[in-house]
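Q: Below you will find the structure I want to go over with you.
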Amino acid sequence: KALCEEKISVDVDTCGAVKQDTFRKIAPYTDTFLYDIKAIDPQVHKRCTGRDNGQILENLRYLCESGSRVEIRYPYVPGWNDGECEAIGQFLSALPGITKVKVLGYHNFADGKYAALGLPNTLPDVKVLAQDLEKPVSVLRSYGLHAVNGMLDD
């Protein structure tokens with residue numbers, strides 16, 4: 001609230017896994033929500049993250065329908081959530097307030113953190129190149145969304 005009063009731009013980076021009341025409280029003071037969508041299918045989402053996505057999708061609907069500006073980030077992981085592109089496009093195209101959909105290439109930068117902590121790395125072992133994101137970007141654009149390749153465009 002103090003940042004808003006000082007005319008300082010406030011962006012909130014979220015996966016949306018919080019109580020909706022939290023969004024009700026902060027939305028009036030937020031310029032843009034940077035919102036991750038990993039999957040629409042609940043089983044795919046659970047496989048990717050270990051948790052259900054019902055609350056996440058409901059919170060996104062709430063933010064969009066209440067007039068918030070939302071930039072979606074779709075972390076694209078071949079072999080994990082690459083089959084979700086059509087469902088994501090269909091879901092997002094029905095929501096107002098989506099300013100951009102940024103398709104992000106998966107990376108395993110956390111690999112070193114797992115090793116440093118002596119924990120097993122359960123993350124996918126895949127490499128994504130910038131050209132791999134062109135197909136999902138094209139699919140999302142076919143739904144009328146302003147989709148960009150996060151490895152090339154901002």
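Q: State the Kirkwood hydrodynamic radius of the chain in Å, one decimal place, computed from all pairs of distinct Cα atoms.
A: 16.5
Q: In whole Å, what is the distance between the alpha-carbon centres of the stretch 76-108 and the stretch 1-72?
A: Cα centres, the stretch 76-108 to the stretch 1-72: 15 Å.
Q: If you don't mind, another one. Once you put a point 7 Å from the Cα of Cys4 and another 7 Å from the Cα of Glu86, both along the Cβ direction, what distance in nm separates them?
A: It is 4.1 nm.
Q: Turning to a different aspect of this structure: Which ³J(HN,Hα) values, rounded to whole Hz and listed in residue order, are derived for the stretch 111-123 from phi using the Karplus coefficients 6.51, -1.76 and 1.60 in 6.51 cos²θ - 1.76 cosθ + 1.60 with θ = phi - 60°, glycine and proline given as x?
A: Using θ = phi - 60°, the values come out as 3, x, 5, 4, 4, 4, 8, x, 9, x, 8, 9, 6 Hz.
Q: Cβ neighbours within 10 Å, averaged per peptide: list 15-21, 101-107, 52-58 in order, most packed at the top.
A: Per-residue mean Cβ counts within 10 Å order the peptides as 101-107, 52-58, 15-21.
Q: Can you give the helix-only mean residue ellipticity at 222 nm for the chain, where every DSSP H stretch with n ≥ 4 adds -39500 (n - 2.57) and the sum goes over all residues, rounded to the nearest 500 deg cm²/dmol?
A: It comes out at -9500 deg cm²/dmol, rounded to the nearest 500.
Q: Can you list residues whose amide H is under 5 Å from Arg73's amide H, if they're 5+ apart or on another chain and H is modeled 1.01 Å from N?
A: Distant-sequence amide H within range of Arg73: Tyr35, Asp36, Ile37, Lys102.
Q: Can you name the helices of the chain, as whole DSSP H runs, whose Cα span along the helix axis is 15 Å or more and whose Kyte-Doolittle mean is not below -1.0?
A: Passing helices, by number: 54-65.
Q: Say a paramagnetic label sat at a point 7 Å from the Cα of Leu129, along Cα to Cβ; which residues of the stretch 92-107 have their backbone N under 18 Å from it?
A: Counting only backbone N, you get 104-107.
Q: Determine the per residue accessible area of the chain with all protein chains present and a 1.4 angstrom probe, expressed in square angstrom.
A: 57
Q: Now a separate question. Assigning unit charges at the beta carbon (Lys, Arg +1; Asp, Glu -1) and nothing else, what dipole magnitude in debye, to the nearest 20, does the chain show about its Cα centre?
A: 260
Q: Same structure again: So what's Rg/Rh here for the stretch 86-146, counting alpha carbon atoms and using the Kirkwood radius for Rh?
A: 1.14
Q: In debye, nearest 20, what is the charge dipole magnitude of the stretch 88-154 about its Cα centre with +1 on Lys and Arg Cβ and -1 on Asp and Glu Cβ, if you could check?
A: 140
Q: Let me ask something else. Checking the table Lys100/Lys135; Lys46/Lys127; Lys46/Lys102; Lys25/Lys46; Lys38/Lys135 against a 19 Å threshold on Cα-Cα, which pairs fail?
A: Over 19 Å Cα-Cα: Lys46/Lys127; Lys46/Lys102; Lys25/Lys46.
Q: Where a Cα-Cα gap under 20 Å defines reach, which aspartates and glutamates qualify for Lys19, not counting those fewer than 8 residues away within the same chain?
A: Filter leaves Asp11, Asp31, Asp36, Asp52, Glu58, Glu65, Glu71.
The values are calculated or read from the model by the stated rules, or taken from the named source; none is laboratory data. Note that the structure is predicted; figures quoted are calculated from it, not measured. Because the Cβ atoms are built from the backbone with ideal geometry, glycine has one as well, and the counts that use them run over all protein chains shown. Surface accessibility is based on the protein's heavy atoms, side chains included, excluding ligands, DNA and RNA. Shrake-Rupley method; radii C 1.70, N 1.55, O 1.52, S 1.80 Å.
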